[in-house]
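Read through the structure below, which is laid out as structure tokens, and then see the notes.
The values are calculated or read from the model by the stated rules, or taken from the named source; none is laboratory data. Keep in mind that this is a model prediction, so the values were computed, not measured. Note that each Cβ is placed from the backbone with ideal geometry, even for glycine, and that neighbours are counted across all protein chains shown. Keep in mind that these areas ignore ligands, DNA and RNA; they rest on the heavy atoms of the full protein, side chains included. Shrake-Rupley method; radii C 1.70, N 1.55, O 1.52, S 1.80 Å.
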Amino acid sequence: MPAPGEHHPAFEEYCECIFELAEDEVSVIQARIAERLGVSRPAVSEMIKKLETEGLITNHGRIALTATGHVLAERVVRRHRLAERFLTDVLNLPWAEAHHEAGKWEHIMSDSVEAALDEFLGSPTTCPHGNPIPGSDYVDEAPQPLSSVGVGTPFVVRRIPEELEFAPGILEFLQEARILPGNEGVITEAIVAGGYRVSIDGGLVEVGAYASDRILVSI
């Protein structure tokens, strides 16, 4: 049983999902939650009722976290992103594997381990993909989608939103293509179906419309 003030991992998972959908400006409805978590809509509907009963969400057409739910979600997201930072920066795990492993750590990490991990890592402000770590000194640089950058305009990669982290194969592609936060690039040309050919970190890669609409950069 969860200790007082704690919640079942399933509740944490759903609150985290709702938080991240809202962070990515995706409509927080049951269909999107089902897609993100890979569960059936009836299962989501049942869990939404439980989350309402627990006082973690409100559901008036759009699902939103309550103050209590937001605190829970931020704690889980913070631990996930700190774990990703450790797994990639210290253990050198690939992005996709680190994302998967951090999904386990986020539910079992204690307050003391969280604090020690943050200190050990030097209080990072983002996860390896550039997404803000709740409770850090992150400063929003108002990035824009890669697809909004004109051909020939230099850019710096800032964030790989969670939506892309859950898309099969995308994290592996982005890491291999060196489309990493902090790396500089330039769109060399538009290609068919809304994608772009991008020169970045000494390589030339094609980025499809789905990813280029979501990768966040600054110019």
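Determine how large the accessible area of GLU13 is when every protein chain is in place; take a 1.4 Å probe and give Å² rounded to the nearest 10.
Approximately 60 Å² of GLU13 is accessible to the 1.4 Å probe.
If you fit an axis through the alpha-carbon atoms of helix 9-23 and take the longest principal axis of the Cα set of the chain, what angle between them do you get, 0 to 90°, nearest 10?
40 degrees
Using amide H atoms built 1.01 Å from N in the peptide plane, name the residues 5+ places from ASN183, or on other chains, whose amide H lies under 5 Å from its own.
Counting only residues 5 or more places away or on other chains, the set is VAL157.
Please give the per residue accessible area of the chain, computed with a probe of 1.4 Å over protein heavy atoms only, in Å². Write out the running numbers ahead of the final one.
On the way: 10810 Å² over 219 residues.
Per residue, the chain has an accessible area of 49 Å².
Report, to the nearest whole %, how much of the accessible area of the chain belongs to carbon and sulfur atoms, 1.4 Å probe, protein only.
Values: 5760 of 10810 Å².
Ligands and nucleic acids excluded, carbon and sulfur give 53 percent.
Could you give each residue of region 74-85 its phi-based ³J(HN,Hα) in whole Hz, using Karplus coefficients 6.51, -1.76, 1.60 with θ = phi - 60°, and x for Gly or Pro?
For region 74-85, the Karplus curve yields 4, 5, 5, 5, 4, 5, 4, 6, 5, 4, 4, 4 Hz.
Any idea how far apart ALA31 and ARG197 come out in nm if each label point goes 7 Å out from Cα toward Cβ?
Between ALA31 and ARG197, the simple spin-label model gives 3.7 nm.
How big, on average over all directions, is the shadow cast by the Cα convex hull of region 40-121, in nm²? Don't skip to the answer; put the middle values down first.
Values: hull surface 26.7 nm².
Across all orientations, region 40-121 yields a mean hull projection of 6.7 nm².
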